[in-house]
Amino acid sequence: MLNPSRDRNENQAHQALLPLIKQEADRHGVLSFARFMELALYTPDLGFYQRSETVIGCSGDFFTSVSVGRLFGELLACQFAAWFGKIPLKKPVIVECGAHDGQLANDILNGLDSKWPKVFNAVEYSIVEPSETRRNWQQTTLKNHLNKIRWFHSWTELSSFCDSSGHPLTGVVFSNELLDAMPVHRLQWNRYSREWRELGVTCRGDGLEFKQMPLSDEVLRYGDTMNELLPGDDETLLWPRIPKPLLDALPDGFITEICPNALDWWRNAADTLDTGWLVAADYGLLAEEFFMPQRANGTLRAYRDHKFAENVLADPGEQDLTASVNFSAVERAGELAGLQTEGLESQSKVLTKIMAELWPQETAPLAREQIRQFQTLTHPDHLGRAFKVLVQSRNITGEH
């Protein structure tokens, strides 16, 4: 159904945001794409994720596991309750990052309340949310659970609270579709000079276009980090150290993306977690999968009105921008921070395992609507194959 009010507000956001981006691009000559993506998605009141209009679900621009229905949150609640039952946590905490409007938190807490009341009574729910706008959305959605929820603006604030209160973080830290929305840098391979060059954003007429720029400091730092995270011999497939046979085969102009923010986020989460699990559900690939022939233009994509948008620079603030997560790098970052990897599997396998092994036996058979939700969440043509779930832990022993 068309929503004239939404279209009108989007156009107003675009008209206000584009001049800000062009002004910054003019000042610097060229912006990294990561900076453009940050402005397009997160500028207060104007960025795609900062607007009050619905951007997720049938009336929005894309679907998520949360928008499918309550079952996704209930299955996560099932897994969290099972984990808490395995280790003696006096005050278990669930920390969610990237909570958007709070609907997933609401589904998890309602699920715990209805099926695991002892866990519900004991658990404290925390949300790390730097945006005041999204925090207001979350408080509205979670109005029935406000006494159980604590908000933090950053990992630093959460870590300081844990230190000052004398209660180290024990429990589950998780995100759903957060890492793939973090700003990425775009890199383009020059076959003749045999080097990567960064693709930035510059002004052209009334619009924007890509332009090559020197590698930014953040990209160079990421390259050093990748060599640290994924050490190996010459046959190991990494960025920026890629085996010679692959470099010889890469066509001129091959594009890929890197996301330093995702690694920083994961390390911060790992450093804060004292005992428990760190979990991410997201679109993502292994390191070698980024260099397959079908990804010659990278994994960056834009969505609007549930349709793929060809021009990722068009209409900033009006379309979603996302790129696949490098799960190889994220996994290794957690391991170097002292975490143990328990699994990296498709969402289909993870949710099917929860349903088969942990779903309460006394629960009534799934209703027709729940069956439909489960099929959407696990079917490879829907959300089951596109999403991966990474689970790492600290100070956990035995089988989980």
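For residues that are at positive phi and under 19 Å from the mean Cα position of the chain (by Cα), scanning just the range 300-323, find the one that is modelled with the lowest pLDDT. That would be His306. Exactly one residue out of Ser114, Ser193, Ser165 is within 30 Å of Gly253 (Cβ to Cβ), modelled with pLDDT under 95 and over 23 Å from the mean Cα position of the chain (by Cα): that is Ser193. Elements of the type helices (runs of 4 or more DSSP H) sitting completely within the range 298-384 and holding at least 3 residues that are crowded, with 19+ Cβ neighbours inside 10 Å and touching a helix residue (DSSP H, G or I) at 6+ places or on another chain (Cβ under 6 Å): these cover 327-336, 368-378. Looking only at residues of the range 273-297 that are in contact with a strand residue (DSSP E or B) (Cβ under 6 Å, 6 or more places away or on another chain) and of a type in the set (D, E, K, R), we find that the one that is surrounded by the most Cβ atoms within 10 Å (Cβ to Cβ) is Asp282. Of all residues assigned to the range 183-198, at least one qualifies as being crowded, with 18+ Cβ neighbours inside 10 Å and assigned to a loop (DSSP other than H, G, I, E, B). The lone criterion from (1) crowded, with 19+ Cβ neighbours inside 10 Å; (2) at pLDDT 95 or above; (3) not in a helix (DSSP H, G or I) left unmet by His100 is number (2). Does Arg304 satisfy the condition of being within 21 Å of Leu41 (Cβ to Cβ) and of a type in the set (Lys, Arg)? Yes. Within the range 269-297, residues that are closer than 18 Å to Leu187 by Cα and free of Cβ contacts under 8 Å to residues at least 24 places away in the same chain have Cβ atoms under 9 Å from residues that are surrounded by fewer than 14 Cβ atoms within 10 Å (Cβ to Cβ) and not small (Gly, Ala, Ser) in these pairs: Pro293/Pro251, counting only partners at least 6 apart in sequence or on another chain.
Sub-8 Å Cβ pairs linking a first residue in the range 82-99 that is under 21 Å from Asn268 (Cβ atoms) to a second residue that is of a type in the set (Lys, Arg), at least 6 apart or interchain, are Ala99/Arg134, ordered by first then second residue.
Just wondering, is there one or more residues in the range 255-274 that are part of a loop (DSSP other than H, G, I, E, B) and more than 30 Å from Gly166 (Cα to Cα)? Checked the range 255-274: at least one residue is part of a loop (DSSP other than H, G, I, E, B) and more than 30 Å from Gly166 (Cα to Cα).
Taken over the range 1-42, the residue count meeting the criterion of being touching a Gly at 6+ places or on another chain (Cβ under 7 Å) and either at pLDDT below 90 or outside any helix (DSSP H, G or I) (or both) is 5. Annotation: Thr133 fulfils all but one of (1) in a helix (DSSP H, G or I); (2) under 28 Å from Thr376 (Cα atoms); the unmet one is (2). Here the condition is being in contact with a Ser or Thr (Cβ under 6 Å, 6 or more places away or on another chain) and among the basic types (Lys, Arg); of Arg135, Arg191, Arg150, it holds for Arg150 alone. Would you please list the contacts, defined by Cβ atoms under 6 Å and residues six or more apart or on different chains, that run from a residue in the range 313-331 that is within 24 Å of Asn268 (Cα to Cα) to a residue that is among the hydroxyl-bearing types (Ser, Thr, Tyr) and in a strand (DSSP E or B)? Note: pairs meeting the criteria are Ser324/Tyr283; Glu331/Thr341. Taken over the range 162-175, the criterion of being outside any helix (DSSP H, G or I) and either surrounded by fewer than 20 Cβ atoms within 10 Å (Cβ to Cβ) or touching a Leu at 6+ places or on another chain (Cβ under 6 Å) (or both) is satisfied by Gly166, His167, Pro168, Leu169, Thr170, Val173. Residue-level check: of (1) crowded, with 18+ Cβ neighbours inside 10 Å; (2) assigned to a loop (DSSP other than H, G, I, E, B), Lys143 misses just (1).
Considering the conditions (1) more than 26 Å from the chain's Cα centre (by Cα); (2) exposed (fewer than 14 other Cβ atoms within 10 Å of the Cβ); (3) modelled with pLDDT under 80, Ser52 is excluded by exactly one of them, (1). So for the range 219-235 (the condition being modelled with pLDDT of 90 or more, crowded, with 18+ Cβ neighbours inside 10 Å and outside any strand (DSSP E or B)), does at least one residue qualify? Yes, some residue in the range 219-235 is modelled with pLDDT of 90 or more, crowded, with 18+ Cβ neighbours inside 10 Å and outside any strand (DSSP E or B).
The values are calculated or read from the model by the stated rules, or taken from the named source; none is laboratory data. Just so you know, these numbers come straight off a predicted model, no measurement behind them. Every residue, glycine as well, gets a Cβ built from its backbone with ideal geometry; the counts of neighbours run over all protein chains shown.
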